[in-house]
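*Asks:* First the structure, which I've put down as structure tokens, then a few questions once you've had a look.
The values are calculated or read from the model by the stated rules, or taken from the named source; none is laboratory data. Nothing here was measured: the structure is a model prediction, and the numbers come from that model. Counting neighbours? That spans all protein chains shown, and the Cβs are built from the backbone with ideal geometry, glycine included. With ligands, DNA and RNA removed, areas are computed over all heavy atoms of the protein, side chains included. Shrake-Rupley method; radii C 1.70, N 1.55, O 1.52, S 1.80 Å.
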Amino acid sequence: MALCLHRGESGSKNEMDNGKYVRYTPEQVEALERVYAECPKPTSLRRQQLIRECPILSNIEPKQIKVWFQNRRCREKQRKEASRLQTVNRKLSAMNKLLMEENDRLQKQVSQLVYENGYMKQQINTVSSTTTDISCESVVMSGQQQRKNPTPQHPERDANNPAGLLAIAEETLAEFLGKATGTAVDWVQMIGMKPGPDSIGIVAVSRNCSGVAARACGLVSLEPMKVAEILKDRPSWYRDCCCLNVLSVIPTGNGGTIELIYLQTYAPTTLATARDFWTLRYTTILEDGSLVICERSLTTATGGPTGPPTTSFVRAEMLPSGYLIRPCEGGGSMIHIVDHIDLDAWSVPEVLRPLYESSKILAQKMTMAALRHIRQIAQETSGEIQYTGGRQPAVLRALSQRLCRGFNDAINGFVDDGWTIMDSDGVEDVTIAINSSSSKFLGSQYNTLSILPTFGGILCARASMLLQSVPPALLVRFLREHRSEWTDYGVDAYSAASLKASPYAVPCARPGGFPSSQVILPLAQTVEHEEFLEVVRLEAPAFSPEDIALSRDTYLLQLCSGIDENVAGACAQLIFAPIDESFGDDAPLLPSGFRVIPLEPKSDVPAATRTLDLASTLEAGTGRTRPAGEIEAGNYTHRSVLTIAFQFTFESHYRDNVAAMARQYVRSIVGSVQRVAMAIAPSRLSSQLTPKPFPGSPEAVTLARWISRSYRVHTGGDLFQVDSQAGDAVLKQLWHHSDAIMCCSVKMNASAVLTFANQAGLDMLETTLLALQDMMLDKILDETGRKVLLSEFSKIMQQGFAYLPAGICVSSMGRPVSYEQAIAWKVLNDDDSNHCLAFVFINWSFL
């Protein structure tokens, strides 16, 4: 029975006195609830209309109706808040249980290590007292090797029948549980993976074990059976999965199933061969109700049926891995994921071995990818994620998957899929592959181009290169935001038109020859924002009235991932495919793009073999040599491998022309990427700090000293505190200053050209030191800012400095940037002559 405080006037004839509670009948509550379902906040006119239309409400005043709706909204809000708090409480309770289990596991690991340490000391003392020809190091290494590669003891069995396979499955289950909840592997938590109700979970990587291994624990709001269904569908979440075939399914007596699986995976780069796996997967339910899916490779050591023969793959080994899925009280599941594989790193070139020996890369590409995918589906199911554009989440995921799969197909070019290699032109830097199969257009049966008589097929130009000290995330972000630095609109237009029945004539590749602006329209992003799906509109350039009549915008469907510089071992990639303006969910896609993978050295590599960090590169200008072993924390000194692949369709009589164009285009892109990499690489910073187009510019250290000294002379304060004026201490402080600092030339008859900016200034302008010198000061200031600067210019030249009010400027990408205050001052050289103008933009942020 609903109650509500009555606030009628004293003269009211209602049957309830003023100040009493109004008691609503069930019929009245039902009528009000119907209106509330349609409109939770009705207007005054709607409430009066309600009283007229519902006679049962005639004895209720309009004010009381208003109070009822207010109370109803309040109850709804309280209910939602209570539900949210209960959900958070369940998550925290489950996470607390997970952390307690992790703490118990770590305590067991500590006890085991203490025991092993005591045993090693005893062995060392024993060996030292009995013999001198066995070193302590050999004893320790032999112990570690025994722990790293324990010799499995298998009983005699016939693994070709169900009973033998079940024995293998039970052994796999025991070893997997030892890794998931025990101390079978020495796990080390990845940096930045802090547990919490909204975090992805606890992620750890292996240390001192055979192969590479990663482990993750997390909570999701899906039931165990649904989680198991998702995880078994590996191609839906593992982007490197080429195909997965279940060749045999055998039920077991305990209610579980044994599956024999053949899995093919893509190679991440053109420099390596793809891997495949022949595994046994065992699904069962434990006594405590937990669901387990464990898997391992079938080899000559384990026994079992022989897998399918392959020619284009290297057979890798999956050591006991899998998923432990526990139901949580109140709904949801607690998941333990273990991935442990041996990728046969010795079969790849030595420079690429870190790619196959990094547990961090395995964690990012497989372990965390599975957990992220489940969390994404869980939030989509619960309605926590709202998508715009009228496309369902499953459709957007399918588009992302098709882009990745098409790009992987282009990189690998499997012979079984119809790819053949064209003869080179004498230089082996770019490989041209052709797929002439009329039915091969990325599996799209909706494409009409492939059935034309003149259709020749698909041509792919691909290349790989090594990069030194270039953060993958930074490079891919630059390629995404500054497309005009490396692309050619003519080639983009040809790629888009070639999807239609009447393609353009084959253009001559001239990157940068047809500059065009781009507009990025977001479509979707993952929960943790590690991947973006977007539509890019390339506005057609026009240089003449004829061009204006013929020009048309080009559209790309683009996938960008791995642009967070703080994520260890993450692969960064930019994949795009031409589309129509109104593309359908099943539109044909021909992906091209870039992939940058870090080649992290193994953790036991001596520090002396690493290259110098950003600070040491800054010291290069001073002539000081840093000792080889002196490495600062937080540096980025590793190498990475960049893979480029561009695909085009072609008509039969244009094959050689398209091949020549594609080869020339990719070579030009490689050159552009190398210039960009040199500009943004920390190791190149000292050589790039001095603007080359201005021969009168001083060395970077000298310029930094002039900027700091001039600020102190004119304003009487310090721009920053420097402990020592010697060497490049001033330059370091200037470069890492939190406010945006930049310099421009002083010219009376021309616009001021930007000549220098610190890191914050480059971030604010969204540019690089190389591209900075093409920017004018009046182009980054808005109209108000230009007027203020013009009015204060004489003051700056006479007084030496001026304070500028808060305002807005524009980055090179056209994004508005606000700042609270700016200070402008003259920079004087050693002769006290005017060298340039300097600006500092305080507390800037993107709008």
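*Asks:* Using beta carbons and a limit of 6 Å, which pairs, at least six apart or on different chains, have the first residue in region 650-666 and of a type in the set (Asp, Glu) and the second one surrounded by fewer than 21 Cβ atoms within 10 Å (Cβ to Cβ) and part of a helix (DSSP H, G or I)?
*Replies:* From residues that are of a type in the set (Asp, Glu), there are no pairs.
*Asks:* Looking only at region 774-803, filter to residues that are outside any helix (DSSP H, G or I) and free of Cβ contacts under 8 Å to residues at least 24 places away in the same chain; which one of those is surrounded by the most Cβ atoms within 10 Å (Cβ to Cβ)?
*Replies:* ALA802
*Asks:* Can you confirm whether ARG75 is open to solvent by 60 Å² or more (accessible area, probe 1.4 Å), closer than 24 Å to GLY201 by Cβ, assigned to a helix (DSSP H, G or I) and free of Cβ contacts under 8 Å to residues at least 40 places away in the same chain?
*Replies:* Spelling it out, it is not the case that ARG75 is open to solvent by 60 Å² or more (accessible area, probe 1.4 Å), closer than 24 Å to GLY201 by Cβ, assigned to a helix (DSSP H, G or I) and free of Cβ contacts under 8 Å to residues at least 40 places away in the same chain.
*Asks:* Determine the pairs where a residue that is closer than 25 Å to GLY182 by Cβ and modelled with pLDDT under 80, located within region 111-130, has a partner that is of a type in the set (Ser, Thr, Tyr) and open to solvent by 100 Å² or more (accessible area, probe 1.4 Å) with Cβ atoms under 7 Å apart, the partner being 6 or more residues away or on another chain.
*Replies:* none
*Asks:* Looking only at region 285-314, count every residue that is part of a loop (DSSP other than H, G, I, E, B) and of a type in the set (Asp, Glu) and tell me the total.
*Replies:* Count: 2.
*Asks:* Tell me the residue from LEU271, LEU263, LEU244 that is aliphatic (A, V, I, L, M), under 27 Å from the mean Cα position of the chain (by Cα) and crowded, with 21+ Cβ neighbours inside 10 Å, please.
*Replies:* LEU263
*Asks:* For the subset of region 804-817 comprising residues that are open to solvent by less than 60 Å² (accessible area, probe 1.4 Å) and of a type outside the set (S, T, N, Q), which member is farthest from ILE842 (Cα to Cα)?
*Replies:* Selected residue: GLY814.
*Asks:* Also: Considering only residues that are open to solvent by 30 Å² or more (accessible area, probe 1.4 Å), under 26 Å from ASP423 (Cβ atoms) and at pLDDT 80 or above, which ones fall in region 434-478?
*Replies:* Residues satisfying the conditions are SER436, SER464, LEU466.
*Asks:* Would it be correct to say that ARG639 is modelled with pLDDT of 80 or more, open to solvent by 70 Å² or more (accessible area, probe 1.4 Å) and in contact with a Ser or Thr (Cβ under 8 Å, 6 or more places away or on another chain)?
*Replies:* Judged against the criteria, ARG639 is a match.
*Asks:* Are there any pairs, at least 6 apart or on different chains, whose C-beta atoms fall under 6 Å, with the first in region 41-61 and at pLDDT below 85 and the second open to solvent by 70 Å² or more (accessible area, probe 1.4 Å), and if so, which?
*Replies:* Once the first residue is at pLDDT below 85 and sits in region 41-61, its partners that are open to solvent by 70 Å² or more (accessible area, probe 1.4 Å) give ILE56/GLU27.
*Asks:* Which of the numbered conditions does ILE808 fail, given that it passes all the others? Conditions: (1) in contact with a Pro (Cβ under 7 Å, 6 or more places away or on another chain); (2) in contact (Cβ under 8 Å) with a residue 40 or more places away in the chain.
*Replies:* (2)
*Asks:* Further question: Please tell me if GLY253 is of a type in the set (Gly, Ala, Ser), at pLDDT 90 or above and either touching a Cys at 6+ places or on another chain (Cβ under 7 Å) or open to solvent by 10 Å² or more (accessible area, probe 1.4 Å) (or both).
*Replies:* no
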